Amino acid sequence: MTQVAFIGLGVMGAPMARRLIASRFATSVYDVRADARAAFSGLDNCRVATSPADAAAGADYLFTMLPESSHVDEVLFGMQGAAQSLANNALVVEMSTGDPRRTMAMAESLEQMGKRMIDCPVGRTPADAKAGTLLILVGGSGDILEEARPMLACFGDEIVHVGPFGSAIKLKLVNNYMTMVGMVMTAETLMFGRKLGLDRDMLVHVLQNTVAGRGQINVNFPKKVLAGDLSADFPLRLGLKDLSLALDLAKSAGAPLLLGGVSRELFALAAPWGRSEQDCTAMLLLLEDIAHCDNIGEVRC
Ligand code: NAD
């Protein structure tokens with residue numbers, strides 16, 4: 001019978017482990033917090049372990065759902081670490097959002113011990129973890145994904161094979177970059193509106209229905225720059241004009257728009273890079289030129 005271990009029973013990990021157990025996978029669970037472990041005592045198909053090594057003893061699969069890479073490292077290779085007691089050729093499914101370089105280094109160490117690893121970060125919320133509707137990103141070979149799929153299907157309703165090992169956690173961080181910068185942009189925008197005395201509900205309502213609110217990635221980018229069409233629906237030159245008007249107004253109202261200031265610098269580069277008459281979405285090409293994207297950067301451990 002397949003033996004599964006799950007380490008990290010926090011906001012995300014606890015409901016995920018419960019779903020594995022409810023799907024009748026024989027599961028041993030461990031968390032450094034006693035209260036998190038105690039919540040799993042007495043469940044059928046579940047053994048509450050006393051250490052990572054104990055949880056992993058003889059396990060074919062180990063799921064890790066921990067805050068950061070340092071915790072994963074400790075769980076795998078620390079005192080009473082899980083790596084030493086996993087079954088030969090066991091698969092570690094690393095689901096935390098960590099540092100891709102450290103994930104790769106851990107995979108190398110595991111490989112030397114005869115064990116395998118895939119990077120498998122998740123998207124969406126704790127409510128999705130409970131409902132089994134997470135988005136699951138997988139980095140690793142197609143064969144390993146198929147091997148793990150019955151267990152991954154307990155956690156999510158969308159499993160995306162991103163590519164080779166390491167690619168899923170990179171994609172996750174790229175996504176989270178957009179998420180977090182979007183937080184600042186949204187907050188900055190609402191603060192700007194408030195400083196100008198605009199009604200917040202009205203502003204939110206209007207923004208939810210403009211291109212800005214619906215998202216460039218959904219509206220303009222697919223039909224313009226990503227489709228190879230740089231003809232200007234709205235040129236970078238006029239983008240610079242509007243951004244400058246907004247920033248001048250913000251300055252007079254005493255609203256600090258930090259993201260806006262950086263963005264204006266970038267729009268101002270369109271002219272020297274010969275792109276000011278191209279569509280605003282050509283901002284992508286401007287940034288790719290500056291970053292020398294024809295030379296893809298290798299991520300090193
Ligand atoms: P959490 O802090 O609620 O849970 C982490 C658990 O790991 C805790 O119970 C903690 O006690 C345990 N832990 C820490 N160190 C340990 C160790 N050495 N040994 C055993 N257990 C240890 O975090 P979370 O919200 O469940 O998130 C887990 C990961 O998933 C993070 O990387 C997070 O970024 C990512 N994530 C979170 C969400 C979310 O909405 N919360 C969504 C997607 C991804």
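Details
- Among beta bridges from DSSP that stay inside the chain, the antiparallel ones total about 15%.
- Two-site label geometry, ASP242 and GLU158: point separation in nm, points 7 Å out along Cα→Cβ: 2.8
- The mean sequence separation of alpha-carbon pairs under 8 Å and at least six residues apart, normalised by the residue count of the chain, gives a relative contact order of 12 percent.
- Within-11-Å neighbourhood charge of ALA39 [Cβ basis; K, R +1; D, E -1]: +1
- Set of lysines with alpha-carbon distance to LYS241 below 29 Å, sequence-local pairs under 8 removed: LYS195, LYS223, LYS224, LYS251
- Carbon-plus-sulfur accessible fraction, region 159-301 (probe radius 1.4 Å, protein heavy atoms only): 63%.
- If the chain linking ALA127 and VAL11 were pulled fully straight, counting 0.36 nm for each residue of separation and taking away their Cα-Cα distance, it would gain 40.8 nm.
- Whole-number accessible area per residue in Å² for the chain, which is evaluated in the context of all protein chains at 1.4 Å: 53
- Helix-derived mean residue ellipticity, 222 nm - over the chain, DSSP H n ≥ 4, -39500 (n - 2.57), to 500: -14000 deg cm²/dmol
- Separation of region 144-220 from region 241-301 is 20 Å, based on Cα centroids.
- Think of region 1-134 as having a plus end and a minus end, set by charges on the Cβ of Lys, Arg, Asp and Glu; of SER109, SER41, MET65, SER41 sits farthest toward the positive end of this dipole.
- The chain: Rg to Rh, with Rh as the Kirkwood radius over Cα pairs: 1.08
- As a rough guide to protection, the peptides 120-131, 93-104 ranked by mean Cβ packing within 10 Å, highest first, stand as 93-104, 120-131.
- Percent accessible area from carbon and sulfur atoms, region 1-68, protein chains only, probe 1.4 Å: 53
The values are calculated or read from the model by the stated rules, or taken from the named source; none is laboratory data. From a predicted model like this one, the values you see are computed outputs, not experimental measurements. Every residue, glycine among them, receives a Cβ derived from its backbone with ideal geometry; neighbour counts consider all protein chains shown. Areas reflect the complete protein model, heavy atoms only, side chains present, ligands, DNA and RNA absent. Shrake-Rupley method; radii C 1.70, N 1.55, O 1.52, S 1.80 Å.
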